[in-house]
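Below you'll find the structure, written out as structure tokens, and then a few comments.
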Amino acid sequence: MHLPVVYSTICEKALQKVLQEAYPTEQIQAVHYMLRGMNDTYLVETIDQKRIFRLYRSDWRTEEAAVVFEMELLLHLNRQGVSVAFVSEKMEFFKKYFA
């Protein structure tokens, strides 16, 4: 009997290594899985900051424009003084990973 996998979770240590290679100026101390939903949310701890990393499922946000829209909304809310997870003005934190 074959049972297909519908959902899996990325290994925190492997994700930490990928993020450290992608962002070499950051000194990532730990990556912690926080929340499963329509995307996976991870807490990324550096020496002096805590950041949120969001990993979208391939069947949820297939169009890059939808993710960019969400980031633009966060930027707009941040500019209005709303406390939100912050995204770079240049959206330099937007990358694709295949798992």
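The values are calculated or read from the model by the stated rules, or taken from the named source; none is laboratory data. No experiment lies behind these values; they were computed from the predicted model shown. A quick note on method: Cβ atoms are made from the backbone with ideal geometry, for glycine too, and the neighbour counts reach across all protein chains shown. For the accessible areas, the whole protein counts, side chains as well, though only heavy atoms, and no ligand, DNA or RNA atoms are used. Shrake-Rupley method; radii C 1.70, N 1.55, O 1.52, S 1.80 Å.
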*Give me the accessible area of R36, 1.4 Å probe, in Å² rounded to the nearest 10.*
140 Å²
*asked:* Could you compute the net charge surrounding Q27? Neighbours are other residues with a C-beta less than 11 Å from the C-beta of Q27; K and R count +1, D and E count -1.
replied: -3
*Contour minus end-to-end for F69 and E45, with contour as 0.36 nm per residue of separation and end-to-end as the Cα-Cα distance?*
6.1 nm
_With a 1.4 Å probe and all protein chains left in place, how much of the accessible area of the stretch 4-83 comes from carbon and sulfur atoms, in whole percent?_
54 percent
